[in-house]
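Here, each number is a calculation from the coordinates, and none is a lab measurement. Since the structure is predicted, the reported quantities are computational estimates derived from the model, not experimental observations. Glycine gets a Cβ as well: all are built from the backbone with ideal geometry, and neighbour counts include every protein chain shown.
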Amino acid sequence: MINSASALLEGFKVVELGQSVAGPWAGTIMADLGATVIKIEAPNGDSARSWGPPFIRGDSAVYQFMNRNKLGMVLDLKDINDRGVFDRLISEADVFVHNMRPGSVEKLGIDAMTLRTAKPSLIYGDMTAFGSNGPMAGRPGYEMALQAYGGIMSITGTEEGGPIRAGPSLNDFGTGMWTAIGVLAALVRRGISGEGCVIETSLLETAVNWVGLQMTNFTLDGKVPARMGAGHALVCPYGAYKASDHPIIITTGSDALFGRLAEALGQPEWAADPEYKTMEERLARREKVDAMVQAEVIKHSRSYWMDCLTAHGVPCTPIQDLADLVDDPQISALGLMTAPLDCKVLLVGLPLSVNGVRPPISTSATTLASGRETARSAASVPEGNNLFEALFRGGPTKYDTD
């Protein structure tokens, strides 16, 4: 829980039964925004704890990134006493989110119907791989499988090199984001009606949504888009061009920007040429246009073109790696990376600010040992007392050693 002007969800209580990426990320978004989030783990812990190296005091850096600002608790939901603790948490919670495999929650008796019958105001977030119904509803799935099945790999890469996985886990993080968005909308609605609801998301629905623009075009023209590397099917010139020393990204999303690019390249007549004047004409001659631009860009260094193109108002950037990002002055100015108060490791914060303040990362992820201790503490809180309040009084304990 965060006390801050940017803690928009302060006062809301969330129970997260998340593992790997999607579930924990939904919980992290809400925790960063100030909600009180308790992350429930099985006795053997979230598998993402072992996704290293690198490790931070026994847990993977991946786990740390996805589970900051929460209080961890280890519970065996098949154990009657641990289940009692879980039920008390749910009775106090505003939100419950999970990304367990379909069928698992029914076996444990923590499905939406069971929990919401007991507490109709509960907002229940259910994340799966392939969706909650249909012939593939019960199947498990990970990021790459859903990038392949959901069409993302079909438009990523080059025709020569074949389909490739997009580097970021678009579906995992996207599903966590859509779940959080749904929960936030449900909280607004509940403020009016008093009723909770069930929010269902899946990696497949997220994947197809990412290619929604291409899907819309396909339903109209029946053309399966080609893999274009750094290029764009609907914009030209657009992509990576080789300067004399390093590549540079140039993007001209309109005819006006093409005119500015032509002027910057010393070829202002291009903008008036009927063969290149409009986007439609340039797309029809994509190879020729790209070759013309490349022939000019290769004459000077990337830094030269960065200055020149920027002066002409043409969008352009270098291609940065992670080492560049860590030292990037723009990212530093935005305050995007910060270390929790109890750990010196820099983490990337939420990509939003509230009245100029980025939601802080106050605490690092709870260790498994601390999660076990929290469960013991919870079991000792007498019935009738507020369990969330008792557990968070004084703040969660971090970094005990297993």
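Explain nothing, just compute: Karplus ³J(HN,Hα) = 6.51 cos²θ - 1.76 cosθ + 1.60, θ = phi - 60°, for every residue of the range 351-357 in order, whole Hz, x for Gly and Pro.
Rounded to whole hertz, the list is x, 8, 10, 10, 6, x, 10.
Only counting other Cβ atoms within 10 Å, I'd like VAL183, VAL297 sorted with the fewest neighbours first.
VAL297, VAL183
Within 10 Å of each residue's Cβ, count the other Cβ atoms and sort SER332, SER6, SER380 from fewest upward.
Ordered by Cβ neighbours within 10 Å, fewest first: SER380, SER332, SER6.
Ordered by packing density, taken as the mean number of other Cβ atoms within 10 Å over each peptide's residues, highest first, how do 214-223, 357-366 rank?
357-366, 214-223
Would you pull out the residues with amide H under 5 Å of ILE123's amide H, same chain only if 5 or more places away, H placed 1.01 Å from N?
Sorted by chain and number, the residues that satisfy this are VAL95, PHE96, CYS197.
Modelled label-to-label distance, VAL357 and ILE298, 7 Å Cα→beta-carbon offset: nm?
In this crude spin-label approximation the distance works out to 5.4 nm.
For mean projected area of the Cα convex hull in nm², which listed value, (1) 24.6; (2) 23.1; (3) 57.4, comes from the coordinates shown?
(2)
Could you tell me what a quarter of the Cα convex hull surface of the range 182-329 works out to, in nm² with one decimal place? Don't jump to the answer; show the numbers that get you there.
Details: hull surface 55.2 nm².
Result: 13.8 nm².
Please build a GNM for the chain, connecting alpha carbons under 10 Å apart, and tell me which residue among PRO274, PRO237, PRO225 fluctuates the most.
Checking each option, the largest mean-square fluctuation is seen for PRO274.
Can you give me the C-alpha center-to-center distance between the range 330-360 and the range 235-255, rounded to a whole angstrom?
31
In which sequence would LYS107, LYS13, LYS277 go, from the one with the fewest C-beta neighbours within 10 Å to the one with the most?
Ordered from fewest to most neighbouring Cβ atoms within 10 Å, LYS107, LYS13, LYS277 come out as LYS107, LYS277, LYS13.
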